[in-house]
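**Q** Below you'll find the structure I mean.
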Amino acid sequence: MPIRKTEKYSETPLYRLRHSASHVMAQAVMEMFPGQAKITIGPPIEDGFYYDFDLPRPLTPEDLGQIESRMREIIRGDHPFVRRELSAAEAKQLFADQPYKLELIEGLEHGAADEDGNPLTAPPVISIYTSDTFTDLCRGPHVQRTGQINPDALKLLNVSGAYWRGDEKRPMLQRIYGTAWDSAKELEEYLWRLEEAKKRDHRKLGKELDLFSINPEVGPGLVLWHPKGALVRYLMEDFCKREHLANGYELVDSPHVGRGHLWETSGHLDFYRESMYAGMEMDNETYYVKPMNCPFHIMIYNSGLRSYRELPIRYAEWGSVYRYEKPGVLHGLMRVRGFTQDDAHIFCRPDQMPEEIDRVLKFCLHILRAFGFTQFHAYLATRPKEKSVGEAAQWEAATEALRASLERSGLEYALDEGGGAFYGPKIDLKIADAIGREWQCSTIQFDFNEAARFNLHYINEAGQEEQPYMIHRALLGSMERFFGVMIEHYAGAFPVWLMPVQVMAIPIADRHNEYAQKVADQLRRAGIRVNVDVRTERMNAKIRDAQMQKIPYMLVMGDKEAVAGAVAVRLRSGEDKGAMPVEQFIAMVNKAVDSRE
RNA sequence: GCCGACGUAGCUCAAUCGGCAGAGCAACCGCCUUGUAAGUGGUAGGUUACGGGUUCGAUUCCCGUCGUCGGCUCCA
């Protein structure tokens, strides 16, 4: 997850503690490679800290253990952190054999940037902190003594590569991530959270629950939806499509490939080529697999002359797109090469724009809430400083429309200055999952580029051609990613209405199979998805398996139930609801489905 | 794409120094006929990712390719 440093955090004791821990770690690493380790920067981050080094050889997990042990020794030494301010010249002398530090000092000296590369506002003060044998160029603050770091609440987590200053053209450094807390208990809790996140990993659950797979023989980043996953997707899509139709959208469909001409007009071949799959030659023509759906929706719009009376036009499509993503960035369902967007394009008159934004935002929250998300963070991304198309007046109007709509919605939002697309401003929505992680799915974007390039227009009241505003929006974003988020949010235990198998009928002995089948048929007629476990296994084993499949209801059926025409209901929470008539159970399931709980 | 680690049965993982590739679960065939999280016996399952090299001999050592994982960069 991206780390957002808030001012608040940087003033907390925990921040000082972690910052200090990173210095102690740097000392331990320096000692491991005397005279050879080049230090760079080592800030606190959410839940911990890191430090980037340029080292003569790659670090191993064993090194981490050694560094951690040495850190504990340094901590026990209870060395004071001593701050000293000095001139740039003196600092350069002090760090003469530390090229990265020299570069930082240069930056400070010329007032260009601080240690994070951010522009400085105040005249720079160059300071160093010394603890034990280690001195680092550092703004602070730190704890007073190394002994204030709890050696039992400290752990080094992993090593990875990181570019110097985050620039892929600059040297690759080795980054050590660590975490530090006030107490061992907090460390335990943090490690538990990491474990919990691992248990929820959609890649792991996708395999265990047989939802999907990604097979290298098919191709990296290309998803195979297995029957259970495909059913969940179908249910999600079915719900969303109905809601779209009920909210003024029209469903459209478009091909997976189109002529090169189309992508030249749209500008994709200029701006987006390296993300597109290579063209295919046919009939002296190059066809491209679509990376976006917009040109097709535009062609539908342009298939006839539009009157101002027809607007707004809202075209929605579950459109599958393919984008070439670099091999290293692929990640389960979260970052793939082929995915289906719940895409829509809204064409409206300028005067309709505010209401359209309101509607989209409201509709978006409605959909996300239906899937069980309740916490959102909105970001308003404005015009990029360089490279953008469209008139200043358009940008202003569109950005203000987005802002006004956000204000009306009551959502808290942050400004993402210059974060808009080159073709228009946008609102991004991030959703928080059950364990507090944020995911970006929804996006609402203005597009001035394609409206102009495809010469979109409608005939206004005066009989003149006018260019409509075009809004591009995706609510779930992509079915793949959203499904991944859903898996992690619910840890695979989806709400009843989305569960591929809602009920597992569990006959106790073979002689109860017939009754179980009869009940199952009755449930199926009531629209409930039920399986019967007729294996010659013990009831306990059947319960365990159903439990591990996170099936919401287990119906245990033995002699008593068969005689009474009842089912003994066990919930996946472990709760035993006891025996009840089949009709009563059906009502119970229907209620859960209807309330989407 | 970059840095690092990894790739053994459907799944999870073993295999000492380079010396006949193994276990549990799942699958299949039986026995047991079961009351709220794994009953039991047996059978089958492998070009150790792929290609090359070193060696009498490679899962093991070396090189390359592909893929996966942790990050970085990117993410209209």
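**Q** In the structure displayed, which of A:LYS207/A:LYS550; A:LYS198/A:LYS550; A:LYS207/A:LYS430; A:LYS290/A:LYS387; A:LYS204/A:LYS241 lie more than 19 Å apart, Cα to Cα?
**A** Numbers: A:LYS207/A:LYS550 14 Å; A:LYS198/A:LYS550 17 Å; A:LYS207/A:LYS430 26 Å; A:LYS290/A:LYS387 24 Å; A:LYS204/A:LYS241 29 Å.
The pairs that break the limit, which is 19 Å between Cα atoms, are A:LYS207/A:LYS430; A:LYS290/A:LYS387; A:LYS204/A:LYS241.
**Q** Hey, rough spin-label estimate for A:THR12 and A:ALA278, points 7 angstrom out along Cα→Cβ, what's it come to in nanometres?
**A** Taking the simple label geometry, A:THR12 and A:ALA278 are separated by 5.1 nm.
**Q** Can I ask one more? Go through A:469-478, A:409-418 and give me the packing order, highest mean Cβ count within 10 Å leading.
**A** Working: A:469-478: 23.9, A:409-418: 12.9.
By packing density, highest mean first, the sequence is A:469-478, A:409-418.
**Q** A follow-up question, please. For chain A, just say rounded, prolate or oblate: build the C-alpha gyration tensor, square-root its eigenvalues into a ≥ b ≥ c, call rounded for a/c under 1.5, and beyond that prolate if a/b exceeds b/c, oblate if not. The partial results should precede the final answer.
**A** On the way: a/c = 2.24, a/b = 1.22, b/c = 1.84.
Cα axes put chain A in the oblate bin.
**Q** Full extension from A:LEU571 to A:ARG408: what is 0.36 nm times the residue separation minus their Cα-Cα distance, to one decimal in nm?
**A** Working: separation 163, 0.36 × 163 = 58.68 nm, distance 4.16 nm.
Extra length available between A:LEU571 and A:ARG408 comes to 54.5 nm.
**Q** If ligands, DNA and RNA are left out, what is the accessible area of A:ARG193 with a 1.4 Å probe, given in Å² to the nearest 10?
**A** 110
**Q** Relative contact order (percent) for chain A, with alpha-carbon contacts under 8 angstrom and 6 or more residues of separation? Please list the in-between numbers first.
**A** Working: 1063 pairs, mean separation 57.5, N = 597.
In percent, rounded to a whole number, it is 10.
**Q** Looking at the stretch A:206-490, I'd like the Rg to Rh ratio, where Rg is from alpha-carbon atoms and Rh is Kirkwood's inverse mean 1/r. Before the final figure, lay out each step's value.
**A** Values: Rg = 18.9 Å, Rh = 19.8 Å.
Checking Rg against Rh, the ratio lands at 0.96.
**Q** What is the gain in length, in nm to one decimal, between A:SER595 and A:GLU386 on full extension, counting 0.36 nm per residue of separation less the C-alpha to C-alpha distance? If you can, show how the numbers build up before the last one.
**A** Numbers: separation 209, 0.36 × 209 = 75.24 nm, distance 4.83 nm.
This chain segment gains 70.4 nm when fully extended.
**Q** Semi-axes of the equivalent ellipsoid for the stretch A:7-183, please: Cα gyration tensor eigenvalues, times 5, square-rooted, ordered largest first, whole Å.
**A** On the way: eigenvalues 109, 74, 50 Å².
Values for the stretch A:7-183, descending: 23, 19, 16 Å.
**Q** Still on this structure, I have one more. Determine ³J(HN,Hα), in whole Hz, for all residues of the stretch A:260-272 in sequence, where each value follows from phi through the Karplus function 6.51 cos²θ - 1.76 cosθ + 1.60 and θ = phi - 60°; x replaces Gly and Pro.
**A** These are the phi-based 3J(HN,Hα) values: x, 3, 4, 7, 6, 4, 5, x, 4, 5, 7, 8, 10 Hz.
**Q** Which of A:LEU194, A:PRO124, A:PHE376 sits closest to the plus end of the dipole of chain A, meaning its Cα is farthest towards the positive end, when Lys and Arg get +1 and Asp and Glu get -1 on the C-beta?
**A** Value: A:LEU194.
**Q** In what sequence, largest accessible area first, do A:VAL223, A:VAL232 appear using a 1.4 Å probe?
**A** My answer, sorted largest first, is A:VAL223, A:VAL232.
**Q** Kindly sort A:GLU537, A:GLU391 by accessible area of their heavy atoms, largest first, with the probe set to 1.4 Å. Don't skip to the end; give the middle numbers.
**A** Working: A:GLU537 90, A:GLU391 125 Å².
Ranking A:GLU537, A:GLU391 by accessible area, largest first, yields A:GLU391, A:GLU537.
**Q** Could you put A:GLU285, A:GLU31 in order of accessible surface area, largest first, with the 1.4 Å probe and the full protein assembly present? Can you show the working numbers first?
**A** Numbers: A:GLU285 50, A:GLU31 70 Å².
Ranked from most to least accessible, the order is A:GLU31, A:GLU285.
**Q** For an R0 of 30 angstrom, estimate the FRET efficiency from the Cβ-Cβ distance between A:ALA246 and A:GLU438 and round to the nearest 0.05. If you can, show how the numbers build up before the last one.
**A** Numbers: r = 29 Å, r/R0 = 0.97.
Result of the calculation: an efficiency of 0.55.
**Q** Among the lysines, which fall within straight-line cross-link reach of A:LYS385, defined as a Cα-Cα distance under 22 Å, with same-chain neighbours fewer than 8 residues apart omitted?
**A** Within the straight-line cut-off, A:LYS385 pairs with A:LYS426.
**Q** How many angstrom lie between the C-alpha centres of the stretch A:151-201 and the stretch A:17-60?
**A** Here the answer is 12 Å between Cα centres.
**Q** Same structure again: About its Cα centre, how strong a charge dipole does the stretch A:496-594 have in debye, to the nearest 20, once Lys and Arg get +1 and Asp and Glu get -1 at the Cβ?
**A** So the dipole magnitude of the stretch A:496-594 works out to roughly 200 debye.
**Q** Also, I was wondering about something else. On full extension of the chain, what length is gained from A:LYS185 through A:ASN302, given 0.36 nm per residue of separation minus the C-alpha to C-alpha distance?
**A** Fully extending the segment from A:LYS185 to A:ASN302 adds 35.8 nm.
The values are calculated or read from the model by the stated rules, or taken from the named source; none is laboratory data. The structure presented is a predicted model; accordingly, all values stated were derived computationally and were not measured. FYI the Cβ positions are ideal-geometry reconstructions off the backbone, even for glycines, and counts take in every protein chain you see. The accessibility values were calculated without ligands, DNA or RNA, using every heavy atom of the protein model including side chains. Shrake-Rupley method; radii C 1.70, N 1.55, O 1.52, S 1.80 Å.
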